[in-house]
Amino acid sequence: MTADSATGPTTYEDLLAAVSVPADPTGTTAREVRDPATGEVIGHAPVQTVDDLERDIAAARTAQPAWAARPDSERCDLLLKAADAVEAAAEPLAALLSREQGKPLNGPNARFEVGACQAWTRTAATTVLEPEVLVDDGETYATLSYKPIGVVGAIGPWNWPMMISVWQLAPSLRMGNTVVLKPSANTTLSVLALVHVLNQVLPEGVLTVIAGDRQVGRLIPTHPGIDKIMFTGSTATGKKIAEGAASTVKRLTLELGGNDAGIVLEDAFGTDTSDPEVVAANDKVAADIFWGAFINTGQTCAALKRLYVPDAIYDVVCESLTRVAGQMPMGVGLEEQNVLGPLQNRNQFDIVDDLVKKAVDSGARVLCGADPDYDAPGFFYPTTLIADIDPDNPLVTEEQFGPALPIIRYSTLDEALHEANRLNVGLGSSVWSSDRATAREVAERVEAGTVWINAHGAVDPRVPFGGIKASGYGLEFGVEGLKHVALPHVING
Ligand code: NAD
């Protein structure tokens, strides 16, 4: 179908019918997909095999030379049209994402994610990457340009399944690679639906989805038909992928787990809480901190996962955050008023529940939440704020990946920086202050791929993003992101 005739599925039902497969009680060819908010079966995801993977990789290899041979402007044009197709199908895509992943339509959730898919695709198509003249001194003339790598294997997680797929596929396609995507088994239909829409515009074989489980995923790192892996997921899996990729010296981008710190400075909150204007200003900052932590109900790689607050404003910050948290409805994703949803799966619910129990057992103070209804349908864990917690408590030192934020007290800035930097992860982080220059000075001392000022997790398609330490390596987004899905090519002389 050409771009001009691509109208996109018009309803949720059409989109679901396009990607869901017939039920298979044996689980051999299909897996039940349940809404994490209600437990209701919403469809069936295909379970593909190693043979399917071989077929997809072969098709991607066949399609790649012709895709790479197209002028860059043509690939960009097709990507822009693909973004338009996503825009046309935005509502059904958001509904399917909400039902499979659990995230509400509203807030920084399903509609936001589908919007981000468009933004990142358009930016990948419009970012300028010119060959660079490195040296031109009369004797030496050295240039650096970027060539396609070949076939990119993209492996993704279940928290932002559509957006992270686009982060991987859009720059890869732009640079003349073809892509085989392996989504998480928890959110296969969402990725199939997104690719179904993109493929109304893209040529055949350029972008395929292999809906396999870990067994299929495990073959991708060692497969000689894959030239580069874009992986987003846990540090544990990232290590296995790096080991597997070593045998073929595959290029890798690893976006792994994090445990992002936020450091609040003393001037970020006013202390005269008898003044309503001070309270309102405090609550505005608290709302930004809240969404830094609770975006996608905390299931976000670069969410704020531990908050360091100085003694002088500790109580004010706790009060303000608790007030803000109380105003954020949690519930079934398709109900328009909700901005927080369930955990996506039982395993993640258990991880959050276990970490909060450990915090409560240690004597930490519960400001709100920590009281899940274990008998209710769905994997809902209430919005939880925990104060006066020991910096060594597992809720602080391990990645909770859910709606529970520990608030740790500090006395000196050196102490806060020491605590923020001492873990072996470094994806994002943030500094909160009314003075940008001071905040930037503190940010220089924070060990993380990105330090946001007065925001957290505010990714931008124009600005490179990537982790340090065990949070991975390689960069995505912007010009740097394009370079990471291409082969550098130097001509000297
Ligand atoms: P996961 O590592 O369990 O799975 C990620 C993907 O890897 C899935 O598609 C899975 O099927 C596949 N996989 C599992 N074992 C594999 C293997 N041996 N070989 C190849 N593929 C394999 O992660 P998850 O539970 O889906 O996601 C949550 C984690 O991802 C969290 O730690 C979170 O911080 C991290 N994450 C990081 C980023 C980032 O940008 N850095 C973004 C989102 C999530």
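The values are calculated or read from the model by the stated rules, or taken from the named source; none is laboratory data. None of the values given here were measured: they were computed from a predicted structure. Methodologically, a virtual Cβ is constructed for each residue, glycine included, from the backbone with ideal geometry; neighbour enumeration extends over all protein chains shown. Surface accessibility is based on the protein's heavy atoms, side chains included, excluding ligands, DNA and RNA. Shrake-Rupley method; radii C 1.70, N 1.55, O 1.52, S 1.80 Å.
Structure notes:
- If you go through the stretch 458-467 and keep only what is within 11 Å of the ligand (Cβ to nearest atom) and open to solvent by 20 Å² or more (accessible area, probe 1.4 Å), you end up with just VAL459.
- When GLY428 is tested against (1) in contact with a Ser or Thr (Cβ under 7 Å, 6 or more places away or on another chain); (2) open to solvent by 10 Å² or more (accessible area, probe 1.4 Å); (3) of a type outside the set (Asp, Glu), only condition (2) is not met.
- Residue within the stretch 99-115 that is assigned by TED's automatic domain parsing to the domain that holds LEU482, hydrophobic (A, V, I, L, M, F, W, C) and free of Cβ contacts under 8 Å to residues at least 12 places away in the same chain present: yes
- Test for PRO224: is it surrounded by fewer than 24 Cβ atoms within 10 Å (Cβ to Cβ) and either touching a residue at least 24 places away in the same chain (Cβ under 8 Å) or of a type in the set (A, V, I, L, M, F, W, C) (or both): yes
- Residue count for the stretch 255-299 satisfying the condition of being open to solvent by 10 Å² or more (accessible area, probe 1.4 Å) and among the β-branched types (Val, Ile, Thr): 6.
- Taking the listed residues THR237, THR178, THR222, THR188, the one that is among the polar types (S, T, N, Q), within 15 Å of the ligand (Cβ to nearest atom) and touching a strand residue (DSSP E or B) at 6+ places or on another chain (Cβ under 7 Å) is THR188, with no other qualifying.
- Members of the stretch 360-396 that are among the hydroxyl-bearing types (Ser, Thr, Tyr) and farther than 19 Å from TRP291 by Cβ: SER362, TYR374
- Yes/no for VAL249 being more than 12 Å from the ligand (Cβ to nearest atom), farther than 30 Å from VAL41 by Cβ and in contact (Cβ under 8 Å) with a residue 40 or more places away in the chain: no
- Scanning the stretch 398-413 for residues that are closer than 13 Å to ARG365 by Cα and β-branched (Val, Ile, Thr) gives ILE407, ILE408.
- Residue in the stretch 102-109 that is touching a Pro at 6+ places or on another chain (Cβ under 7 Å), assigned to a loop (DSSP other than H, G, I, E, B) and open to solvent by 30 Å² or more (accessible area, probe 1.4 Å) present: no
- Filtered residues of the stretch 301-330 (kept if open to solvent by 10 Å² or more (accessible area, probe 1.4 Å) and under 27 Å from ARG34 (Cβ atoms)): CYS301, MET328, PRO329, MET330
- Qualifying residue in the stretch 126-147 (condition: within 16 Å of the ligand (Cβ to nearest atom), modelled with pLDDT of 95 or more, farther than 24 Å from ALA59 by Cα and in contact with a helix residue (DSSP H, G or I) (Cβ under 9 Å, 6 or more places away or on another chain)): no
- Residue within the stretch 65-84 that is under 30 Å from ARG31 (Cβ atoms) and either of a type in the set (Asp, Glu) or in contact with a Gly (Cβ under 8 Å, 6 or more places away or on another chain) (or both) present: no
- Evaluation of MET162 against the conditions (1) more than 11 Å from the ligand (Cβ to nearest atom); (2) more than 24 Å from ARG346 (Cβ to Cβ); (3) buried (at least 24 other Cβ atoms within 10 Å of the Cβ); (4) of a type outside the set (D, E, K, R) shows that the sole unmet condition is (2).
- So TYR410, is it open to solvent by 20 Å² or more (accessible area, probe 1.4 Å) and either aromatic (Phe, Trp, Tyr) or in contact with a helix residue (DSSP H, G or I) (Cβ under 7 Å, 6 or more places away or on another chain) (or both): no
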